[in-house]
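The values are calculated or read from the model by the stated rules, or taken from the named source; none is laboratory data. The structure presented is a predicted model; accordingly, all values stated were derived computationally and were not measured. Quick reminder, even Gly has a Cβ in these numbers, built from the backbone with ideal geometry, and neighbours come from all protein chains shown. Each accessible area value is taken on the protein alone, full model and side chains, heavy atoms only, with ligands, DNA and RNA left out. Shrake-Rupley method; radii C 1.70, N 1.55, O 1.52, S 1.80 Å.
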Amino acid sequence: MATNTSNVTAALPKPMKATSNGAFQHENPLDYALPLLILQICLVVAFTRTLAFLLKPLRQPRVIAEIIGGILLGPSALGRSERFLHTVFPPKSMTVLDTVANIGLLFFLFLVGLELDIRSIRRTGTKSLAIAGAGITLPFLLGIGTSFVLRSTISKGSAHAPFLVFMGVSLSITAFPVLARILAELKLLTTDVGRIAMSAAAVNDVVAWILLALAIALSGSNTSPLISLWVLLCGVGFVVFSVYVIRPLLELMARRSPDGEPVKEIYICITLSLVLASSFVTDSIGIHALFGAFVVGILVPKDSPFPGVLIEKIEDLVAGLFLPLYFASSGLKTNVATISGAQSWGLLVLVIATACFGKIIGTMFVSRMFFKVPFREAAALGFLMNTKGLVELIVLNIGKDRKASTHVHRLAS
């Protein structure tokens, strides 16, 4: 027994030390975690910003450049060079890179929650609710139909129920943060189309995250339905606790931060610590750390300068440094070259067509048939509700980590 244990220990790679003594001490800085992470961040940011500059004439949002940059840095392009991949992104460094990227992702989901005003969803008219319902229902049903095709071909080992829900959610979700930035850039936020699209996307986002929580609860390694039930009940308990304990604390800090006066540093520190603590709780429950951050963001009062100050404090750091790392981390797990043969390309076309058709046609149909929206505005709503971005990538990565949608991740990425 002792011999076997020592053999296993010897086979495991040594963990990376944090810092080196420098090149003059005959040590390669890239063999140490901190200098390698710094190089990775600088390379990813410079590469994605260059792509964003090149795509600017096409009026593409920066998130598109970051997605493309992540894929190009991975084994699909530059990563085809073994020397490059093992020098800049060696396997032993991926835990550190993924951890830092996911911390950034937590705060990004917190920012998404800050931008979502639940009261505006309550005030949403019948038109926006119906459009949101159509934008979720038809793609979700088409996603379930597509999942049967995928399970009979390339995903035969996937768990049935979680796979269906992950497929439905990944095809039916609208990227609320990306949509908000597109509407702001095109100066459409104050138009009727912009307001309807934002309200419908907010409803869509909340419903999709609830469905995703269900999918994660169903996809645990323990197949007992009681475990899934406990996960869901604990998730509901966390939300109730947040509403009755965390929200009053956030409201107290917001009231003590009047307009025109600087927000106290301790309030910022407490809020960001609440984000991390809530993420720890939801991860411990078995949902996902992202849900805790998202819930805290939603609960921050929106009628005070407090959320604006929070956004100002952390948005540039998160969007500028951490999010590109998440795209790079995802791109390193994606190899487009593995999509080969008629079957793979056919399934790729099927997934893309299903995702776009369900959103656009469902939204246009309800807008035209029930609310007599002019064809041009209905078409604009359909394409706006079809906005894709980081949120879908998060869903696919969670599904991949839970071994519910490994092949779909490769196709959809």
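Hey, which of the helices (runs of 4 or more DSSP H) in region 29-111, taking only ones fully inside, have at least 2 residues that are within 17 Å of LEU393 (Cβ to Cβ) and open to solvent by less than 30 Å² (accessible area, probe 1.4 Å)?
Values: elements: 33-55, 62-73, 82-88.
Passing ranges, in order: 33-55, 62-73.
Condition check ((1) modelled with pLDDT under 90; (2) outside any helix (DSSP H, G or I); (3) within 30 Å of GLY79 (Cα to Cα); (4) in contact with an Asp or Glu (Cβ under 9 Å, 6 or more places away or on another chain)) across all residues:
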{"residue": "VAL296", "(1), (2), (3), (4)": "no, no, no, no"}
{"residue": "PRO301", "(1), (2), (3), (4)": "no, yes, no, yes"}
{"residue": "GLY320", "(1), (2), (3), (4)": "yes, no, yes, no"}
{"residue": "LEU323", "(1), (2), (3), (4)": "yes, no, yes, yes"}
{"residue": "TYR326", "(1), (2), (3), (4)": "yes, no, yes, yes"}
{"residue": "SER330", "(1), (2), (3), (4)": "yes, no, yes, no"}
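Given ILE266, ILE287, which one is of a type outside the set (Ser, Thr, Tyr) and over 25 Å from ASN397 (Cα atoms)?
Numbers: ILE287 fails: over 25 Å from ASN397 (Cα atoms).
The match here is ILE266.
How many of the residues making up region 112-139 are in a helix (DSSP H, G or I) and surrounded by 14 or more Cβ atoms within 10 Å (Cβ to Cβ)?
Matching residues across region 112-139 total 19.
I want to confirm something. Restricting to region 273-291 and keeping residues that are without any contact (Cβ under 8 Å) to a residue 60 or more places away in the chain and open to solvent by less than 20 Å² (accessible area, probe 1.4 Å), which single residue is nearest to ILE246 (Cα to Cα)?
For region 273-291, the residue satisfying everything is SER278.
Listed residues VAL395, VAL366, VAL391, VAL408; which is modelled with pLDDT of 85 or more, surrounded by 15 or more Cβ atoms within 10 Å (Cβ to Cβ) and β-branched (Val, Ile, Thr)? Outline the logic, then answer.
On the way: VAL395 fails: modelled with pLDDT of 85 or more; VAL391 fails: modelled with pLDDT of 85 or more; VAL408 fails: modelled with pLDDT of 85 or more.
It is VAL366.
Just to be sure before I move on: is ILE339 within 21 Å of VAL149 (Cβ to Cβ), over 21 Å from the mean Cα position of the chain (by Cα) and of a type outside the set (Phe, Trp, Tyr) in the structure I sent?
It is true that ILE339 is within 21 Å of VAL149 (Cβ to Cβ), over 21 Å from the mean Cα position of the chain (by Cα) and of a type outside the set (Phe, Trp, Tyr).
Among the residues of region 245-265, write down those that are more than 25 Å from the chain's Cα centre (by Cα), of a type outside the set (A, V, I, L, M) and surrounded by 12 or more Cβ atoms within 10 Å (Cβ to Cβ).
Hits for region 245-265 are GLU251, ARG256, SER257, LYS264.
Restricting attention to region 185-210, and to residues there that are outside any helix (DSSP H, G or I), out of contact with any helix residue (DSSP H, G or I) (no Cβ under 6 Å at 6 or more places or on another chain) and not polar (S, T, N, Q), which single residue is farthest from ILE398 (Cα to Cα)? Give the derivation first.
Step one: list which residues in region 185-210 are outside any helix (DSSP H, G or I), which gives 186-191.
Remaining after also requiring out of contact with any helix residue (DSSP H, G or I) (no Cβ under 6 Å at 6 or more places or on another chain): 186-187, 190-191.
So of that shortlist, the ones also not polar (S, T, N, Q) come out as 186-187.
Working: LEU186: 32, LYS187: 33 Å.
So, considering only residues that are outside any helix (DSSP H, G or I), out of contact with any helix residue (DSSP H, G or I) (no Cβ under 6 Å at 6 or more places or on another chain) and not polar (S, T, N, Q), the one farthest from ILE398 (Cα to Cα) is LYS187.
Restricting attention to region 199-208, does a residue exist that is of a type in the set (Ser, Thr, Tyr), surrounded by 16 or more Cβ atoms within 10 Å (Cβ to Cβ) and either touching a residue at least 12 places away in the same chain (Cβ under 8 Å) or over 27 Å from LEU150 (Cβ atoms) (or both)? Steps first, please.
Kept after step one, since they are of a type in the set (Ser, Thr, Tyr), are these residues of region 199-208: 199.
Right, trim to surrounded by 16 or more Cβ atoms within 10 Å (Cβ to Cβ) and you get 199.
From the residues that got through so far, the ones that are either touching a residue at least 12 places away in the same chain (Cβ under 8 Å) or over 27 Å from LEU150 (Cβ atoms) (or both) too are 199.
Yes: one or more hits.
What is the residue count in region 361-402 for residues that are assigned to a loop (DSSP other than H, G, I, E, B) and under 18 Å from GLN60 (Cα atoms)?
4
Pairs only if they're at least six apart or on different chains, beta carbon under 7 angstrom, first in region 1-28 and under 25 Å from VAL88 (Cβ atoms), second at pLDDT 50 or above and among the basic types (Lys, Arg); list them, first residue then second.
Listed by first residue and then by second, the contacts come to PRO13/LYS92; MET16/LYS92.
Looking at this structure, is ILE268 over 22 Å from the mean Cα position of the chain (by Cα) and open to solvent by 60 Å² or more (accessible area, probe 1.4 Å)? Before you say what the answer is, go through the steps one by one.
Values: over 22 Å from the mean Cα position of the chain (by Cα): yes; open to solvent by 60 Å² or more (accessible area, probe 1.4 Å): no.
Here the answer is no, as ILE268 does not meet what is asked.
Here are GLY341, GLY320: which of them is of a type outside the set (Phe, Trp, Tyr) and within 28 Å of PHE166 (Cα to Cα)?
Working: GLY320 fails: within 28 Å of PHE166 (Cα to Cα).
Just a single option satisfies the conditions, and that option is GLY341.
Looking at SER242, SER228, SER170, can you tell me which residue is touching a residue at least 60 places away in the same chain (Cβ under 8 Å), buried (at least 19 other Cβ atoms within 10 Å of the Cβ) and polar (S, T, N, Q)?
Working: SER242 fails: touching a residue at least 60 places away in the same chain (Cβ under 8 Å); SER228 fails: touching a residue at least 60 places away in the same chain (Cβ under 8 Å).
When all the criteria are applied, what remains is SER170.
Name every residue in region 140-164 that is open to solvent by less than 20 Å² (accessible area, probe 1.4 Å) and at pLDDT below 80, in order of residue number.
Hits for region 140-164 are SER155, SER158, PRO162, PHE163.
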